[in-house]
């Protein structure tokens, strides 16, 4: 992967590669799960403890091959009997149905070993499944050790097996390293079991894509594309409209209700839920958020937010963690909201920042309002009541409270509480300094423009003095004498 991150910890649609495999195995309810770790063992083990607390990490100090890895794992449970399922942690497209079918087929045939196979148009890189004239599995040959004839075989080994432990343990001890890679191949177990007269069988995967392994970032992207298609098709068959599946990414833990719509260029991630009638996108990223019924979100980013029924967000809004929009609330263009409750029907329409606040019902926050929640040391909370009108370009210096039905004048800096029904004005009286540009900026374009305007005014005044009034053909007077 050419990465500081261990391969199995690379992410794909909401889970790591290892997380996807663990999720596929869990429905089989194994009595014990062992995960063999080597490279990046500390990070992998820590992640495993979070996603599968019941699983046990087993350290393979020397990576001496797949056979050695299984032998190392089984040393942790020397008395365990029954069926052992072996899977690869870099096959994220595996499904529980396929694994369950493999175990069922293995046990019903009384086999000592059953391998999951697939037919690929291009089998390069995979071990080949060699069968006899009757279709029985004779051996699995790794590509590095395959002759020309064997390399023409298109049935490949997935690296996924079901074994009977009482028959597996003895042959693991007989594995050799007499091959081009000098490793103990788990694949050699099948030939050893067959020479002992044991039943060795194979089951073909219903979808070859399920067994594709990830060894670099190109293959990771290919696997992601397959899973994206799988997830999108699942939701469309459940009644969700996905306008452009090729540009839509939906994580494995996202949940959508029928008659919701996902527009192009949208990412739904984490534990996000989307209710009936909601429309998300285009151009949205929604993470760990709850979207209510008939909500409209477009060109926006939501992170750990709650959006109530009939609310709207965007375009170009950013809802940060702790944001809650009640029914019918609106957060509009270029608005950032953080750790704030916005009441029913309230609006923050444009160009504002609202952080650490509680806004009541039916209030309106004017354009360019800033809730100044941070004093450089600590965050403070602002409370805005019901039916409040915050004038444009108001600065609310927290902690401050604006009572029900109160107003603030545009351009105000509010540092004290505003009682219900009052108007708060927190700005200096305007004064105009005559001649400032001519004195301080002589010769500039501003000075020239001001002189021209003064000349026009003098000319207009002179015309009025001579004729009593100035009439412009392009601006005819109305019957009332006003233009």
Worksheet entry | Computed lengthening from residue 50 to residue 379, 0.36 nm per intervening residue step minus Cα-Cα distance | 115.3 nm
Worksheet, complete the sentence: In the chain the DSSP beta bridges are antiparallel at a rate, in percent to nearest 5, of 20
Worksheet item: Mind ordering 58-66, 134-142 by average Cβ neighbours within 10 Å, highest first?
Response: 134-142, 58-66
Fill in: Extension reserve of the residue 152-residue 439 stretch, reckoned as 0.36 nm per residue once the Cα distance is removed
94.3 nm
Practice prompt. Along Cα→Cβ, 7 Å out, is where each label goes; now give me the distance between the ones at residue 246 and residue 334 in nm to one decimal.
Written response: 3.4
Discussion item. What's the ranking of 190-199, 396-405 by average number of surrounding C-beta atoms within 10 Å, highest first?
Written reply: 396-405, 190-199
Response to the item:
Which of (1) 75; (2) 63; (3) 67 is the computed percent of Cα pairs over 28 Å apart? It is (3)
Worksheet item: In whole Å, what is the distance between the alpha-carbon centres of segment 414-447 and segment 17-31?
Response: 66
Practice prompt. Sticking with the crude label model, points 7 Å out along Cα→Cβ, report the distance from residue 431 to residue 455 in nm, one decimal please.
Written response: 3.2
Worksheet item: Fully extended, how many nm does the chain gain between residue 174 and residue 107 (0.36 nm per residue separation, minus their Cα-Cα distance)?
Response: 21.7 nm
Worksheet item: According to the square roots a ≥ b ≥ c of the eigenvalues of the Cα gyration tensor, what is the shape class of segment 303-357, taking rounded for a/c under 1.5, prolate for a/b larger than b/c otherwise, and oblate for the remainder?
Response: rounded
Discussion item. How far apart, in nanometres, would the label points at residue 144 and residue 448 be if each is projected 7 angstrom from Cα along the Cα-to-Cβ direction?
Written reply: 7.8
Worksheet entry | Burial ranking of peptide ranges 359-369, 177-187 (average Cβ count within 10 Å, highest at the top) | 359-369, 177-187
Practice prompt. Kindly work out what percent of the DSSP beta bridges joining two residues of segment 7-206 are antiparallel, to the nearest 5.
Written response: 65
Worksheet, complete the sentence: Check: C-alpha center segment 168-228 vs C-alpha center segment 288-354, spacing in Å is 50
Response to the item:
Taking r as the C-beta separation of residue 42 and residue 222 and R0 as 30 Å, the FRET efficiency to the nearest 0.05 is 0.55
Discussion item. Quick check on the chain: helices-only [θ] at 222 nm, where DSSP H runs of length 4 and up contribute -39,500 (n - 2.57) each and the sum goes over total residues. Nearest 500, please.
Written reply: -7000 deg cm²/dmol
Worksheet item: Which FRET efficiency value, to the nearest 0.05, is calculated for residue 122 and residue 80 with the Förster distance at 35 angstrom and r the Cβ-Cβ distance?
Response: 0.35
Practice prompt. Compute the Cα gyration tensor for segment 7-206, then decide on rounded, prolate or oblate, letting a ≥ b ≥ c be the square roots of its eigenvalues: rounded whenever a/c is under 1.5, prolate when a/b is larger than b/c in the other cases, and oblate in all that remain.
Written response: rounded
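Here, each number is a calculation from the coordinates, and none is a lab measurement. Not measured: the values here are computed from a predicted model. Neighbour counts run over all protein chains shown; Cβ positions are idealised from the backbone, glycine included.
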